[in-house]
Amino acid sequence: MRKSIVSLLSIPLLLLSMNSLSAEFKQVGQSRFEYYFWDVYDAKLATPTGQYQFGQHPSKLSLTYLRDFAAKDIVKATNEQWQHLGKTQLLGKFDQQLLALWPDIKEGETLSFITDMQGVGTFYHNDTKLGGIEDSEFADNFLAIWLSPQTSEPKMRKQLIGEQK
């Protein structure tokens, strides 16, 4: 009897902990990425405090796409941004893992990247967990595409980190 009461009491705690990751985040900033005259995606950055400093974890970056994209094109764009950042050691390194994780994205769908306290990141497609990359430096290098001071989109970065509305 005592064991079943403990089990019943632990179910709400388990459910609460499963939902707490998304519930604990407060939006830091948001921005729209445009390429020439095309709207590509809306980006949102969130942290537990609503404030951000590069390398801070946990964090949540969500991209809601405004057009369809094949996963291979998103991987290609990721490599192009790492090239821009001078992270040539990453070019092609994660292509197969990302292609295995990311689906083709349709207009209106969201791809999110959530890091935990240790900086380990997990991808989500809408609210479905896709998985992560088991590499200690992946999360910061991936987030650097948007959040590094050397990003190719400094205006977007400022909006995401709450420096410019």
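Read-outs: derived from the displayed coordinates by stated rules, not from any lab. Please read these numbers as outputs of a predicted model, since none were measured by experiment. All Cβ positions, even for glycine, are placed from backbone atoms using ideal geometry, and neighbour counts span all protein chains on display.
Worth a mention:
- Cα centroid separation - region 27-84 against region 117-152, whole Å: 10 Å
- Links that overshoot a 27 Å alpha carbon limit, given the list K60/K155; K26/K72; K26/K76: K26/K72; K26/K76
- Per-residue ³J(HN,Hα) for region 139-153, Karplus 6.51 cos²θ - 1.76 cosθ + 1.60, θ = phi - 60°, Hz, x for Gly and Pro: 4, 5, 5, 5, 5, 4, 3, 9, 10, 6, x, 9, 3, 6, 10
- Bins of 5 Å, starting at 0 and running to the largest distance - Cα pair percent for region 24-160: 2, 10, 20, 26, 24, 14, 3, 0
- Theoretical FRET efficiency, 1/(1+(r/R0)^6), r = Cβ-Cβ of Q27 and H125, R0 25 Å, to 0.05: 0.80
- Restricting the chymotrypsin sites (Phe, Trp or Tyr not before Pro) of region 22-68 to loop positions (DSSP other than H, G, I, E, B) with no more than 10 neighbouring Cβ atoms within 10 Å leaves Y36, F37.
- Trypsin sites (Lys or Arg not before Pro) restricted to region 62-132 and DSSP loop, no more than 10 other C-beta within 10 Å: K106
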